[in-house]
Amino acid sequence: MLNKVISEENIRKAKELMLRADKTVIVTHQVPDGDALGSSLGLYHFLKTIGKEKVQIIVPNDYPIFLRWMPDVKSIINAERQQKKAERAIAAADLIFCLDFNMPQRIAPLDNPVQQSKAKKILIDHHLSPADFCDVTISHPEISSTSELIYRFIVRMGMSEHIAKPCAECIYTGMMTDTGAFTYNSGSAAIYYIIGELLQKGIDKDAIYSMVYNRCQEGRIRLQGYLLYEKMRLFDEYRTSLITLSEQEYMQFNPERGDTEGFVNIPLSMEKVVFSAFIREDKHIVRISLRSKGTFPTNRFAADIYGGGGHLNASGGRFSGSLEEAVKKFEDALPTYKDLLK
Ligand code: 5GP
Ligand code: MN
């Protein structure tokens with residue numbers, strides 16, 4: 001049996017809104033990852049199975065190529081390419097599920113349309129400090145993925161028989177990618193109980209692993225080699241690693257969308273490194289990815305230095321200046337955190 005986690009009242013309110021809704025929209029965060037798409041598509045398949053015909057997932061921008069195999073992923077509206085269509089769907093909705101993000105800014109440019117929509121809103125998320133912008137807020141930072149929360153939500157509504165294989169595949173994908181294939185934030189027995197249930201629904205977990213992690217092109221592997229050999233800097237005094245990548249360098253490797261995913265984790269495999277940063281130019285913005293092992297609060301660093309956020313061991317932010325400026329901010333900040341970097 002699963003422990004409860006989501007409150008009785010939240011289940012009751014959300015179930016009522018869900019059953020009553022005619023047009024349902026699901027939105028998730030920018031640069032959608034495996035958990036963003038896994039939770040959205042998992043819920044989408046469930047809603048279809050219970051007979052909801054008008055369900056539309058909308059993402060702020062494109063998702064990585066390694067998620068393109070996911071069942072019904074092609075039905076998703078990408079607001080970057082279809083802004084008007086996205087806005088019309090949001091305005092017409094009577095229920096909006098906000099999945100895997102904790103504040104409206106994380107879905108820009110959909111933040112205003114969603115906030116202005118008259119639709120009821122249900123947040124299901126696992127990031128700290130959710131903003132108060134939804135009618136029902138199901139926020140559980142102690143749970144490692146939003147996909148797991150979607151599973152729990154369905155089970156607690158007493159509707160687990162409506163989880164069919166495509167739904168189970170999506171939920172598994174999100175649980176897997178948000179835990180580094182069950183290598184971190186993955187110590188709760190419930191995770192493995194749920195995986196057992198998903199296997200009963202017919203998922204092939206090894207095939208899903210392979211579709212996500214074993215499908216890259218040569219460029220990604222060569223880029224990885226280049227970054228680790230040429231670009232990784234170690235700050236031994238702070239047990240910190242920093243990798244930087246300019247747009248121009250990146251383009252030399254014929255990259256596919258999502259090709260830098262996961263690189264930030266690699267330096268942590270060194271015993272001496274507890275904090276790893278990856279700073280890269282992405283068109284007109286600089287993106288910062290931070291990871292740690294142990295107790296170093298990357299979310300505090302992300303918030304203090306770049307106005308970003310996230311979880312203790314995985315967070316990020318954006319910087320609107322040059323790559324060099326973003327790196328300088330990083331270097332200048334490190335000594336301030338010396339006591340925490342032990
Ligand atoms: P990633 O390094 O994979 O881009 O992001 C890791 C985590 O950091 C995400 O799951 C998200 O929680 C958080 N994050 C990334 N970028 C931002 C940002 O700009 N603002 C906030 N608040 N959180 C972010
Ligand atoms: Mn997540």
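Could you please let me know if Pro32 is open to solvent by less than 20 Å² (accessible area, probe 1.4 Å), at pLDDT below 95, within 16 Å of ligand 2 (Cβ to nearest atom) and in the same structural domain as Glu197 (by TED's automatic domain parsing)?
Criteria not met by Pro32.
Does the range 65-77 contain at least one residue that is farther than 22 Å from Gly174 by Cβ, among the aliphatic types (A, V, I, L, M) and open to solvent by 10 Å² or more (accessible area, probe 1.4 Å)?
Checking the range 65-77: not a single residue is farther than 22 Å from Gly174 by Cβ, among the aliphatic types (A, V, I, L, M) and open to solvent by 10 Å² or more (accessible area, probe 1.4 Å).
Looking at Asp236, Asp259, which one is open to solvent by less than 40 Å² (accessible area, probe 1.4 Å) and among the charged types (D, E, K, R)?
Asp259
List every residue pair whose Cβ atoms lie under 9 Å apart, where the two residues are 6 or more positions apart in sequence or sit on different chains, the first residue falls within the range 14-35 and is more than 16 Å from ligand 1 (Cβ to nearest atom), and the second residue, located anywhere, is among the polar types (S, T, N, Q).
Listed by first residue and then by second, the contacts come to Met18/Thr24; Lys23/Gln56; Thr24/Gln56; Val25/Gln56; Val25/Ser117; Ile26/Ser39; Ile26/Ser40; Ile26/Gln56.
Do we find a residue being of a type outside the set (Lys, Arg), out of contact with any helix residue (DSSP H, G or I) (no Cβ under 6 Å at 6 or more places or on another chain), over 18 Å from Leu149 (Cα atoms) and outside any loop (DSSP other than H, G, I, E, B) anywhere in the range 33-49?
For the range 33-49, residues of a type outside the set (Lys, Arg), out of contact with any helix residue (DSSP H, G or I) (no Cβ under 6 Å at 6 or more places or on another chain), over 18 Å from Leu149 (Cα atoms) and outside any loop (DSSP other than H, G, I, E, B): absent.
If we keep just the residues of the range 312-321 that are within 6 Å of ligand 1 (Cβ to nearest atom) and under 15 Å from the mean Cα position of the chain (by Cα), which is farthest from Leu268 (Cα to Cα)?
It comes out as Gly317.
Within the range 260-283, work out how many residues are at pLDDT 95 or above and acidic (Asp, Glu).
Going through the range 260-283 one residue at a time, the tally reaches 2.
Take the range 295-316 and flag every residue that is away from ligand 2 (no atom under 15 Å from the Cβ), open to solvent by 50 Å² or more (accessible area, probe 1.4 Å) and in a loop (DSSP other than H, G, I, E, B).
Selection gives Thr295, Gly307.
Go through (1) in contact with a Lys or Arg (Cβ under 7 Å, 6 or more places away or on another chain); (2) open to solvent by less than 10 Å² (accessible area, probe 1.4 Å); (3) assigned to a loop (DSSP other than H, G, I, E, B) and name the single condition Phe101 misses.
(1)
Given the conditions (1) free of Cβ contacts under 8 Å to residues at least 40 places away in the same chain; (2) assigned to a helix (DSSP H, G or I); (3) open to solvent by less than 40 Å² (accessible area, probe 1.4 Å), report the number of the one that Phe133 does not fulfil.
So the condition that Phe133 fails would be (2).
Please count how many residues of the range 104-130 are exposed (fewer than 15 other Cβ atoms within 10 Å of the Cβ) and either more than 16 Å from ligand 2 (Cβ to nearest atom) or among the aromatic types (Phe, Trp, Tyr) (or both).
Going through the range 104-130 one residue at a time, the tally reaches 7.
Condition check ((1) small (Gly, Ala, Ser); (2) at negative phi; (3) without any contact (Cβ under 8 Å) to a residue 12 or more places away in the chain) across all residues:
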| position | (1), (2), (3) |
| --- | --- |
| Phe182 | no, no, yes |
| Ser186 | yes, yes, no |
| Ile194 | no, yes, no |
| Ile203 | no, yes, no |
| Ala207 | yes, yes, yes |
| Gly219 | yes, yes, no |
| Arg233 | no, yes, yes |
| Asp236 | no, yes, no |
| Leu245 | no, yes, no |
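Collect the residues in the range 35-60 that are polar (S, T, N, Q) and open to solvent by less than 20 Å² (accessible area, probe 1.4 Å), keeping them in residue-number order.
Ser39, Ser40
The values are calculated or read from the model by the stated rules, or taken from the named source; none is laboratory data. It should be emphasised that the depicted structure is a prediction, and the values quoted were computed from it without experimental measurement. Counting neighbours? That spans all protein chains shown, and the Cβs are built from the backbone with ideal geometry, glycine included. Please note that ligands, DNA and RNA were not included when accessible areas were found on the heavy atoms of the full protein model with its side chains. Shrake-Rupley method; radii C 1.70, N 1.55, O 1.52, S 1.80 Å.
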